[in-house]
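First up is the structure itself, then whatever we jot down about it.
Nothing in this text is a laboratory measurement; each read-out follows from the coordinates by a stated rule. As the structure is a computational prediction, the values presented were derived from the model and not from experiment. Ideal geometry is used to build each Cβ from the backbone, glycine not excepted, and the neighbour counts take in all protein chains shown.
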Amino acid sequence: MKTKTRLQVLQDHIGGEFILSPSPFMLWMKPIVVTAGPGTVTFKYQIREEMTNPIKSLHGGVTAAIADDCIGATLFSLDEENFYTTINLNIDYFAPAYSGDIIIAKTLIIKKGKQFVNAQCEIWNETETRLIARGYSNLFKTNVVKKVL
């Protein structure tokens, strides 16, 4: 029996929660897979109260975590043997989102080298008419090898 690629595992979850992430934090955020392709993913999230700040808008740290984990899933989609680690993450915040809102996170790889990857994540409101945040990250290929799912 042939083992599924990591991309196929992501694609198997389209329309449902991605419950096989190796990241416990990602599991806490409960992403719904909208699309997944080589080097790009789109996830949907429902903002829960525990993801907000005192004024009930999406906490900036959670926004950054969504961007970071989505970019990580994008590298997961490439089905490479090694993990990558974030070496920097820059987030620009443009608009709030509130408890109960649905947000969409879309990623793409800007440049991939042998050791470093530069990637982007845009976070939108559900109708994709208002950009909430955009993050850019550089990641470094580690010596840590992924286990097969």
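For the Cα atoms of the chain, what angle does the longest principal axis make with the long axis of helix 60-76, in degrees from 0 to 90, nearest 10?
The helix 60-76 is inclined about 20 degrees to the chain.
Which of the pairs Lys44/Lys111; Lys30/Lys56; Lys111/Lys141 have their Cα atoms more than 22 Å apart in this structure?
Going by Cα-Cα distance, Lys44/Lys111 fall outside the 22 Å limit.
When a footprinting reagent is the concern and you count Cβ atoms within 10 Å, what order do Val41, Val62, Val144 take, fewest first?
Val144, Val62, Val41
Once the dipole of the stretch 4-117 is set up with Lys and Arg at +1 and Asp and Glu at -1 on Cβ about the Cα centre, which of Leu78, Ile66, Thr52 lies farthest towards its positive end?
So the residue furthest toward the plus end is Leu78.
Go ahead and estimate [θ] at 222 nm for the chain from helices alone: -39,500 (n - 2.57) per DSSP H run with n ≥ 4, summed, over the residue count, rounded to 500.
Value at 222 nm, helices only, nearest 500: -6000 deg cm²/dmol.
Would you mind telling me which residue in Ala36, Ala95, Ala105 has the biggest mean-square fluctuation in a Gaussian network model of the chain, where springs connect alpha carbons within a distance under 10 angstrom?
Of the options given, Ala95 has the highest mean-square fluctuation.
Quick one: order His59, His13 by neighbouring beta-carbon count within 10 Å, fewest to most.
Taking fewest neighbouring Cβ atoms as first place, the list is His59, His13.
Test of understanding: in a Gaussian network model of the chain with alpha carbons linked when under 10 Å, which of Lys114, Lys56, Lys106 would top the mean-square fluctuation ranking?
Lys114
What does the net charge come to around Leu131 if you take all other residues with beta carbon closer than 10 Å to its beta carbon, with K and R at +1 and D and E at -1?
Local net charge: -1.
Starting from the Cα-Cα distance between Glu80 and Thr35, subtract it from 0.36 nm times their residue separation and give me the gain in nm to one decimal.
Roughly 14.3 nm would be gained on extension.
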